[in-house]
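Heads up: the structure comes next, in structure tokens.
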Amino acid sequence: MFGTMGDRLEAWDRPGTSGTAGDEVPGPRTYARRWVFLLVVSLLSCSNAMLWLSFAPVADTIAQHFFLSMEQVNWLSLVYLVVSIPFGMAAIWVLDSVGLRGATVLGAWLNFAGSLLRAVPCLDVRIPNPFAFFMSGQSLCALAQTLVISSPAKLAALWFPEHQRATANMIGTMSNPLGILMANVLSPALVKKAEDIPMMLGIYIVPAALACLLATACLWESVPPTPPSAGAASSTSESFFHGLRLLIQNKAYVILAVCFGGGIGIFSSFSALLEQILCASSYSNEFSGLCGALFIVFGILGALLLGLYVDRTKHFTEATKIGLCLTSMTFVAFALVSRLQGQTFALAAICSLLGLFGFSVAPVVMELAVECSFPVGEGASAGLIFVLGQAEGVLIMLLLTALTVRRTGPSFSTCQQGEEPLDWTESLLLLAGLCTLFTCVLVLFFDTPYRRLEAESGGPPSSRMCAREPTIISPTQVPPLETRGLTPPAGALQEAPDPASLLKGHSERAETSNKAEAC
């Protein structure tokens, strides 16, 4: 479907001409191999997400078979969050300095090496410390994630035309939650007993190896020979440190990064704690898994529809604000309904709406971040939001767990931790309150021009600052008639010039002079 749509070149996608006859200038152009690049990045992101959460659904079996504690097994997932905070900034530099191809190949090899290290303890039962191999492998995969997570926005900007960027970004971004969904489905299906663990770890190597092979063999260049848009020609026009300084000084970007970074943290906490929240209200683990699956499936579906919509309309800000407002209302509903028993249909519908309204906004926000920060590199603008989101996610999760207390009343818990269930009421209200707070700040204070679109359409360069004030020439400063071309020949009848025409002419010259001196 995408090949047919992508290979159809619009008039402005083909090499064009400008100027006089014979003065040909190559115009924007698209290449079919952009879909191969998108396939590699999507497969790599999906594989990386699968490796991230492959241990979590079978944590008890892993712990029992390798004589690990549950805390150790949990750290195999938490290491992704810990690594992404300090190394996320380094990954931004690699993406903008080394290039998209180099960053993708490096991420693919780190991901593949990590998947192999995880399988080493299954080769020989006499390995004294299997946790060291598991943690080393997960750490390499976590390093790969920092390179992979920001790639879709940069890939869409460099390789795809303006009317396909949001769709391409959506495909690359949503491949990550698709991997999370596949891990939650595959791991329990593959591991019925401890002897099935080597098979599970071996199966997870296959997509990592395939992504590594395709990245190494099929990706030839970081940028196409001819850019697909005017914005792509100016991509990453700022140096790394100067770009970060521009981002920090950009009020609209700071508001977007902090608010949506908080949204990432909220959704990360929601995904990680969903089973513990629902089991305290008598819901089974199978139902919690169903709610998590509906959350991701409807999020991918919503991202597909929203990506196609904003590709046509360019309503990035409107779509983001409306989506987050609906998400906040849905979170309030979840905080109230999840405390009740026997509300399976309502909870399933609420989790579906959370994905549809909230999850689907992620790729649109990444496009919006590029638009409001242009010409700063796409890796920096998207990557900084990811790093902030991971940091805020850790803080939010610590805050939520600190607010929980042991339930003192009658218990209908189905939790299997062997302890009294926790009361999540205050934590859930805080979660809904934080979501509402971030949404209100974004709706009330975020406003930005679409700088990349303006640059591509030849509009005012909103992202640039004038080096000096233009010299204003007053139209009343009319020069004397004794200038070249205005002095009448001797003996001729001297006709008074038309004041209106003089004013018009000098106004035009003043405007031309101002434009020449402006940035």
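A short reminder: the numbers here are calculations on the coordinates, not readings from a lab. As the structure is a prediction and not an experimental result, all values here were calculated from the model. All Cβ positions, glycine included, derive from the backbone under ideal geometry; neighbour counts span all protein chains shown.
The amide H of D423, built 1.01 Å from its N in the peptide plane, has V405, R406, R407 as neighbours under 5 Å, considering only residues 5 or more places off or on other chains.
The overall shape of segment 177-228, judged from the alpha-carbon gyration tensor, is oblate: a/c is not under 1.5, and a/b is no greater than b/c.
Placing one equal scatterer on every Cα of segment 71-198 and applying the Debye formula, the log10 ratio I(q)/I(0) at q = 0.17, 0.19 Å⁻¹ is -0.99, -1.15.
Summary of packing: across the peptides 302-314, 269-281, the per-residue average of other C-beta atoms within 10 Å ranks them, highest first, as 269-281, 302-314.
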